[in-house]
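Peer 1: Okay, handing you the structure first.
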Amino acid sequence: MWNGLVGVAKETYTASLGEGAVPRPLMMPLARGELVGLIWVRPTKVGQDALAGIAELANIAAASGADEIVLAWETHDVATACDLPIVGPAPCLNMVLASRDGHVLHQFPYSEQLLSRSPEGWAAVTPDWKPAPAPQPGGELVPPIQAAVNFSFTPIELDHPDPFGVTVVLMEEDGYRISLTEAFAR
């Protein structure tokens, strides 16, 4: 499953960078070995709103009773959005595989090869994937990613017959892009 999720993240990055955009942070919760779906962070403002927006990705994982989560983000993009220093290689696709017992940080550095530039100055690039360093058990995570990991395994207490469904609807209303797998679609 891990290799498939890494493949999806790399394909998403390649396609988005080719269109001149960096994908927003993405969470992929897994419950009982099944992928719940893909959740992209909502549009955010720089600073505290971005910190909160990324941490709130945890809501779907918590509501689904996730056993594991995979979170993907770009080093420079999250640092800029959250007004944090850059930690680790940049540009770099980071992925963390986490459970209640801990996490492992995987980093996929790349260089950008220019494809084209728009009249507005936007650059379309393709990633040239570099060799990945060894996975880092317990590797340092930036604060919003660490918060999302921590909150993913904290049960959501909602007085509602379908807490998962309500969480999905509320997050979609807040602007999160959510694509649930068939097993979890409402």
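Peer 1: Could you check how many residues of the range 41-69 are open to solvent by 20 Å² or more (accessible area, probe 1.4 Å), closer than 17 Å to Ile156 by Cβ, in contact (Cβ under 8 Å) with a residue 40 or more places away in the chain and not in a helix (DSSP H, G or I)?
Peer 2: 2
Peer 1: Considering only residues that are of a type outside the set (A, V, I, L, M) and assigned to a loop (DSSP other than H, G, I, E, B), look in the range 150-171 and name the one that is modelled with the highest pLDDT.
Peer 2: Restricting attention to the range 150-171, the residues satisfying the condition of being of a type outside the set (A, V, I, L, M) are 150-155, 157, 159-165, 167.
Those left that are additionally assigned to a loop (DSSP other than H, G, I, E, B): 153-155, 157, 159-162.
Values: Phe153: 94, Thr154: 90, Pro155: 84, Glu157: 80, Asp159: 81, His160: 82, Pro161: 81, Asp162: 86.
Selected residue: Phe153.
Peer 1: Have a look at Ala21, Ala15 and point out the one that is of a type outside the set (Asp, Glu), open to solvent by 10 Å² or more (accessible area, probe 1.4 Å), in a loop (DSSP other than H, G, I, E, B) and closer than 25 Å to Glu120 by Cα. Step through it out loud before you land on a result.
Peer 2: Working: Ala15 fails: in a loop (DSSP other than H, G, I, E, B).
After applying the criteria, what remains is Ala21.
Peer 1: Give me a count of the residues in the range 67-104 that are among the hydroxyl-bearing types (Ser, Thr, Tyr) and either modelled with pLDDT of 95 or more or in contact with a strand residue (DSSP E or B) (Cβ under 8 Å, 6 or more places away or on another chain) (or both). Reasoning before the result, please.
Peer 2: Initially, the range 67-104 is screened for residues among the hydroxyl-bearing types (Ser, Thr, Tyr), giving 75, 80, 99.
Narrowing the set further to residues that are either modelled with pLDDT of 95 or more or in contact with a strand residue (DSSP E or B) (Cβ under 8 Å, 6 or more places away or on another chain) (or both) leaves 75, 99.
Counting residues in the range 67-104 that are among the hydroxyl-bearing types (Ser, Thr, Tyr) and either modelled with pLDDT of 95 or more or in contact with a strand residue (DSSP E or B) (Cβ under 8 Å, 6 or more places away or on another chain) (or both) gives 2.
Peer 1: Hey, does the range 127-147 have a residue that's touching a Gly at 6+ places or on another chain (Cβ under 8 Å), farther than 23 Å from Arg24 by Cβ and at pLDDT below 95?
Peer 2: no
Peer 1: Please state which one of Ala147, Ala185, Ala81 is over 23 Å from Lys10 (Cα atoms), assigned to a helix (DSSP H, G or I) and aliphatic (A, V, I, L, M).
Peer 2: Values: Ala185 fails: assigned to a helix (DSSP H, G or I); Ala81 fails: over 23 Å from Lys10 (Cα atoms).
None of the others qualify; the one that does is Ala147.
Peer 1: Which numbered condition in (1) farther than 17 Å from Val149 by Cβ; (2) in contact with an Asp or Glu (Cβ under 8 Å, 6 or more places away or on another chain) is the only one that Gly37 fails?
Peer 2: Result: Gly37 passes all but (2).
Peer 1: Can I ask one more? Sort out which residues of the range 140-169 are free of Cβ contacts under 8 Å to residues at least 24 places away in the same chain and open to solvent by 80 Å² or more (accessible area, probe 1.4 Å), and write them in order of number.
Peer 2: The answer is Glu157, Asp159, His160, Pro161.
Peer 1: Report yes if some residue within the range 120-139 is farther than 23 Å from Lys10 by Cβ, small (Gly, Ala, Ser), open to solvent by 40 Å² or more (accessible area, probe 1.4 Å) and in contact with a strand residue (DSSP E or B) (Cβ under 9 Å, 6 or more places away or on another chain); otherwise report no.
Peer 2: yes
Peer 1: Return the pairs, sorted by first residue and then second, in which the second residue is exposed (fewer than 15 other Cβ atoms within 10 Å of the Cβ) and aromatic (Phe, Trp, Tyr), the first residue lies in the range 84-104 and is touching a residue at least 24 places away in the same chain (Cβ under 8 Å), the beta carbons are less than 8 Å apart, and the residues are 6+ apart or on different chains.
Peer 2: Leu97/Trp2
Peer 1: Could I ask something else about it? Go through (1) assigned to a strand (DSSP E or B); (2) open to solvent by 10 Å² or more (accessible area, probe 1.4 Å); (3) modelled with pLDDT of 95 or more; (4) aliphatic (A, V, I, L, M) and name the single condition Leu38 misses.
Peer 2: (3)
The values are calculated or read from the model by the stated rules, or taken from the named source; none is laboratory data. It should be emphasised that the depicted structure is a prediction, and the values quoted were computed from it without experimental measurement. Cβ sites come from the backbone with ideal geometry, for glycine too, and all protein chains shown count toward neighbours. Accessible surface is based on the protein model in full, side chains and every heavy atom, while ligands, DNA and RNA are left aside. Shrake-Rupley method; radii C 1.70, N 1.55, O 1.52, S 1.80 Å.
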